[in-house]
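The values are calculated or read from the model by the stated rules, or taken from the named source; none is laboratory data. On a predicted model such as this, the values are computed, not experimentally measured, just so you know. For neighbour counting, all protein chains shown are included, and Cβ atoms are generated from backbone atoms with ideal geometry for every residue, glycine included.
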Amino acid sequence: MELIELGFDRWFKDQASELCEPEQRIARVTAVDRGWYTVRNEQGEVPAKATGKFMHSTKSTIDMPCVGDWVCVDYHDTDNFASIHKMLPRKSFLRRKSAGKNIEFQMIAANVDLAFIVQSCHYDFNVSRLERYLVMANEGCVEPLLILTKTDLVSADELEQLISEITDIGIKARIIAISNVTGDGLDQVKEIMSFGKTHCIVGSSGVGKSTLINQLTGHDALKTRTVSNSGEGRHTTARRQLIVLEQGAMLIDTPGMREVGILGAIEEVDDNFDDFNELSESCRFTNCGHTNEPGCAVLKAIEDGKLQQEYYQNYLKLKTESVFNEMLYTDKRKKGKTFGKDVHSVMKHKDKS
């Protein structure tokens with residue numbers, strides 16, 4: 001295998017020539033598990049650890065390597081272990097707000113070409129959640145593809161209705177409906193996957209992500225568990241990992257997400273609701289917030305039935321959440337910098353004394 005087969009193109013090569021030391025080699029992170037990494041190069045995969053110097057130089061958890069990142073490494077123990085010294089800039093990424101009350105980013109995957117956003121037709125279907133995934137993909141410059149699983153549990157009319165719910169609110173991403181039981185739609189997914197390209201599968205627990213990967217790889221690469229009586233799957237994936245398929249495409253599997261919080265994606269929310277942007281040009285005020293301002297073209301469209309009320313409410317929710325979290329995150333970073341300056345001042349005074 002050559003690095004180009006793992007997605008190492010001219011852009012990354014230029015970055016590596018500037019950042020990596022001559023004696024260091026290039027590898028791609030294929031798994032992360034509680035501070036331990038697995039990295040892969042032309043020869044294969046080995047465990048790895050970030051050096052203390054590299055960890056000390058990072059300012060945030062998002063600066064640490066995640067699955068899909070390219071890193072500069074030294075190999076030890078007859079090439080059976082590696083030390084990570086530096087990380088190359090990311091061409092694209094998927095990230096979200098950390099689950100819970102913690103206002104911080106959580107990296108999901110890096111250098112992704114196509115995101116498979118998976119939802120079940122049976123119990124998990126939620127258009128509002130789809131929009132959150134689309135905002136996440138848009139922010140990280142990743143092309144989205146919507147995959148509706150478990151079509152064998154709904155009728156053809158029900159499936160058509162679900163697809164209409166997505167397209168009727170203006171979502172333009174491609175949709176593929178599949179069944180891991182009957183195999184319907186799987187060939188369409190396989191045809192999309194290209195040599196040397198990285199595809200990341202995201203979605204809630206139990207929607208069939210691991211089963212889909214097993215279908216695409218042609219063997220049981222990942223463990224799965226029998227679905228419940230309701231048709232709901234049972235979560236099995238415990239960590240993020242990159243798998244190279246025989247045809248040369250790459251898949252990143254991720255644990256199920258209960259929350260898809262929005263942080264640092266204010267512009268991307270607007271981009272995702274592009275029909276709002278078009279209507280905004282007709283608003284009386286250029287800074288219209290589309291809430292209670294007079295002459296608001298968005299509110300007029302809702303009143304006339306041209307925009308759905310639920311769609312509008314989800315826009316407001318995502319916009320408000322993004323702005324609020326961004327304010328908290330900025331404030332947190334400012335306090336962190338102030339604390340850092342205070343510590344530096346104390347240590348400097350201590351050294352003098």
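For the range 12-53: of the residues being at negative phi and small (Gly, Ala, Ser), which is surrounded by the most Cβ atoms within 10 Å (Cβ to Cβ)? Before you say what the answer is, go through the steps one by one.
Here is the first cut: in the range 12-53, the ones at negative phi are 12-33, 36-43, 45-53.
Of the ones still in play, those that are also small (Gly, Ala, Ser) are 16-17, 27, 31, 48, 50, 52.
Details: Ala16: 19, Ser17: 9, Ala27: 27, Ala31: 20, Ala48: 24, Ala50: 22, Gly52: 9.
Among those that are at negative phi and small (Gly, Ala, Ser), it is Ala27.
Within the range 297-304, is there a residue that is among the small types (Gly, Ala, Ser) and either assigned to a helix (DSSP H, G or I) or modelled with pLDDT of 85 or more (or both)?
Yes, because at least one residue in the range 297-304 is among the small types (Gly, Ala, Ser) and either assigned to a helix (DSSP H, G or I) or modelled with pLDDT of 85 or more (or both).
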| query | Looking at the range 55-74, is at least one residue modelled with pLDDT under 95, surrounded by 14 or more Cβ atoms within 10 Å (Cβ to Cβ), out of contact with any helix residue (DSSP H, G or I) (no Cβ under 9 Å at 6 or more places or on another chain) and in a helix (DSSP H, G or I)? | reply | yes
| Count - residues of the range 275-294 that are surrounded by 14 or more Cβ atoms within 10 Å (Cβ to Cβ), of a type in the set (A, V, I, L, M, F, W, C) and part of a loop (DSSP other than H, G, I, E, B) | 2
| query | Using beta carbons and a limit of 7 Å, which pairs, at least six apart or on different chains, have the first residue in the range 146-173 and on the phi > 0 side of the Ramachandran plot and the second one part of a helix (DSSP H, G or I)? | reply | Gly170/Asp275
| query | Hey, any hits in the range 29-37 for a residue that's under 17 Å from Cys66 (Cβ atoms), in contact with an Asp or Glu (Cβ under 7 Å, 6 or more places away or on another chain) and either not small (Gly, Ala, Ser) or not in a helix (DSSP H, G or I) (or both)? | reply | yes
| message | If Val112 satisfies all but one of (1) over 22 Å from Ile213 (Cβ atoms); (2) at pLDDT 95 or above; (3) part of a loop (DSSP other than H, G, I, E, B), what's the number of the condition it fails? | response | (1)
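Is it the case that some residue within the range 154-161 is touching a strand residue (DSSP E or B) at 6+ places or on another chain (Cβ under 8 Å), hydrophobic (A, V, I, L, M, F, W, C), outside the structural domain of Lys319 (by TED's automatic domain parsing) and within 22 Å of Phe273 (Cβ to Cβ)?
Looking through the range 154-161, none of the residues is touching a strand residue (DSSP E or B) at 6+ places or on another chain (Cβ under 8 Å), hydrophobic (A, V, I, L, M, F, W, C), outside the structural domain of Lys319 (by TED's automatic domain parsing) and within 22 Å of Phe273 (Cβ to Cβ).
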